[in-house]
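**Student:** Have a look at this one before I ask anything.
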Amino acid sequence: MAKKYEDAGVSIKAGEETVDKIKSYAKSTFNKSVLADIGLFGAFFQPDLTNYKEPVLVSSVDGVGTKLKIAIELNKHDTIGQDLVNHCVNDIAVCGAEPLFFLDYMAFGKLDTFVASEIVKGFSIACKENGCALIGGETAEMPGVYQSGDYDLSGTIVGIVEKTEIIKGDKISAGDVLIGVPSTGLHTNGYSLARKVLQEKYKITERIPSLDINLGEELLLVHRSYLNLIKSFKNKIDVKGISHITGGGIVGNTIRILPKELRLNIDWSSWKVPSIFKLIQSAGEISDDEMREVFNMGIGLVFVVSKSDVEPVLKLVRELNEQAIIIGEVSKLS
């Protein structure tokens, strides 16, 4: 008997239906720089370079790791796309860049139009919040690689910065102060360990006394965007460096922007670690060093500024109704 593509687990019809359903979400993010609709072989974006003398493009690509498994288990898929966009936006924002456009990749064991559209809905929400356009992507159905019900995501962000305003940490010096900004939970890192230790003891829908919401809701809290905060800071403060705290923790990410002759002195007692991290540590009997290497421990962003700028920073934070904590300083290698 002649075989069809659908016999191998791939539905062209489902793919077409998915594209039709997600088009409206993508188009809701379009601005005057987007020159073509979704569906062509390439996406067209004409940036407005009027206010730039030496524009530099900044790009980043990332995923959301096994946080996906929580979304799949709870059948809640409208926040995972926001996680991905915000993660990517933060990665270029810490370099001083502002996002222009975002591209996504979604791969499914068996394509579910509802799930795909909910994910893209999340992309569109975050793209609009960050002022960037969702101009294209790829949706793949890959039976044999992914199980039915499973999927994976990746995203690519492209942004722009004036060459003279690039932030890369080269001006950081001994005596500079580290100012941390709170995260919204785990963000998108450490989920393989968190899932392993938590799901051995608790149900994902369980209400745990130390948390304000049930466990699944806590683990799906959206990875927040720091774009507007960073824009406010860099316009008013001489920010020497910024680190986005992802896999590798506070130290692992912040040393990436330090000149080689410097080191970090973190005061780990300077902020209150959120309950979810204490729950993970207790459930898995995990050491402090391991926790600090895997998780953000409640700090999602670190600014590096001169001591003379600390008070202006804290004043600006209060004006913006944000929170910030002095979490340490930079010193010379001994």
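**Student:** Can you tell me which condition Leu35 does not meet? The list is (1) surrounded by 13 or more Cβ atoms within 10 Å (Cβ to Cβ); (2) farther than 30 Å from Arg195 by Cα; (3) out of contact with any Leu (no Cβ under 8 Å at 6 or more places or on another chain), and all the others hold.
**Tutor:** Here Leu35 clears every test but (1).
**Student:** Return the total of residues in region 180-202 being crowded, with 21+ Cβ neighbours inside 10 Å, among the aliphatic types (A, V, I, L, M) and touching a Gly at 6+ places or on another chain (Cβ under 9 Å).
**Tutor:** 3
**Student:** For region 138-255, which fully contained strands (runs of 3 or more DSSP E) count at least 2 residues that are at pLDDT 95 or above and of a type in the set (A, V, I, L, M)? Give the steps one after another, and end with the answer.
**Tutor:** Details: elements: 151-162, 177-182, 241-244.
Where strands (runs of 3 or more DSSP E) fall fully within region 138-255 and carry at least 2 residues being at pLDDT 95 or above and of a type in the set (A, V, I, L, M), they are 151-162, 177-182.
**Student:** Can you tell which of Ile245, Ile257 is touching a strand residue (DSSP E or B) at 6+ places or on another chain (Cβ under 6 Å) and more than 18 Å from Ser183 (Cα to Cα)?
**Tutor:** Values: Ile245 fails: more than 18 Å from Ser183 (Cα to Cα).
Testing whether each residue is touching a strand residue (DSSP E or B) at 6+ places or on another chain (Cβ under 6 Å) and more than 18 Å from Ser183 (Cα to Cα) leaves just Ile257.
**Student:** Determine which single condition Ser275 fails, assuming it passes every other condition in (1) closer than 21 Å to Lys307 by Cβ; (2) in contact with a Leu (Cβ under 7 Å, 6 or more places away or on another chain); (3) at pLDDT 95 or above.
**Tutor:** Condition (1) is where Ser275 drops out.
**Student:** Across region 51-81, which residue is surrounded by the fewest Cβ atoms within 10 Å (Cβ to Cβ) among those that are modelled with pLDDT of 95 or more and of a type in the set (S, T, N, Q)?
**Tutor:** Once the filter is applied, the top-ranked residue is Asn75.
**Student:** Return yes when Lys163 is among the charged types (D, E, K, R), surrounded by fewer than 14 Cβ atoms within 10 Å (Cβ to Cβ) and in contact (Cβ under 8 Å) with a residue 60 or more places away in the chain and no when it is not. Don't jump to the end; show me each part of the working.
**Tutor:** Values: among the charged types (D, E, K, R): yes; surrounded by fewer than 14 Cβ atoms within 10 Å (Cβ to Cβ): yes; in contact (Cβ under 8 Å) with a residue 60 or more places away in the chain: yes.
Taking the combined requirement at face value, the residue satisfies it.
**Student:** Ok, one more. Would you mention how many residues in region 98-127 are of a type outside the set (A, V, I, L, M, F, W, C), surrounded by fewer than 20 Cβ atoms within 10 Å (Cβ to Cβ) and assigned to a strand (DSSP E or B)?
**Tutor:** Number satisfying all stated conditions: 2.
**Student:** Among the numbered criteria (1) open to solvent by less than 20 Å² (accessible area, probe 1.4 Å); (2) under 16 Å from the mean Cα position of the chain (by Cα), which single criterion is violated by Ser154?
**Tutor:** For Ser154, the failing item is (1).
**Student:** Inside region 242-275, can you point out the residues that are basic (Lys, Arg) and surrounded by 18 or more Cβ atoms within 10 Å (Cβ to Cβ)?
**Tutor:** Residues of region 242-275 basic (Lys, Arg): 256, 260, 263, 272.
Residues satisfying the conditions do not exist here.
**Student:** Is one or more of the residues making up region 319-327 closer than 13 Å to Asp176 by Cα, part of a strand (DSSP E or B) and either of a type in the set (Gly, Ala, Ser) or open to solvent by 60 Å² or more (accessible area, probe 1.4 Å) (or both)?
**Tutor:** Taking region 319-327 first, the residues closer than 13 Å to Asp176 by Cα are 326-327.
From the residues that got through so far, the ones that are part of a strand (DSSP E or B) too are 326-327.
Filter again for either of a type in the set (Gly, Ala, Ser) or open to solvent by 60 Å² or more (accessible area, probe 1.4 Å) (or both), leaving 326.
Yes, that holds for at least one residue.
**Student:** I need the full set of residues from region 128-137 which are at pLDDT 95 or above, open to solvent by 40 Å² or more (accessible area, probe 1.4 Å) and not in a helix (DSSP H, G or I), in order please.
**Tutor:** Gly131
**Student:** Quick one: how many residues across region 206-216 are polar (S, T, N, Q) and either under 24 Å from the mean Cα position of the chain (by Cα) or open to solvent by less than 40 Å² (accessible area, probe 1.4 Å) (or both)?
**Tutor:** So in region 206-216, the residues polar (S, T, N, Q) come out as 210, 214.
After this cut, where a residue has to be either under 24 Å from the mean Cα position of the chain (by Cα) or open to solvent by less than 40 Å² (accessible area, probe 1.4 Å) (or both) as well, the list is 214.
Residues flagged as polar (S, T, N, Q) and either under 24 Å from the mean Cα position of the chain (by Cα) or open to solvent by less than 40 Å² (accessible area, probe 1.4 Å) (or both) within region 206-216 amount to 1.
The values are calculated or read from the model by the stated rules, or taken from the named source; none is laboratory data. Fair warning: this is a prediction, and the values are worked out from it, not measured in the lab. We place every Cβ from the backbone using ideal geometry, glycine too, and count neighbours over all the protein chains shown. Remember, those area values only see protein heavy atoms, side chains included, never the ligands or the DNA or RNA. Shrake-Rupley method; radii C 1.70, N 1.55, O 1.52, S 1.80 Å.
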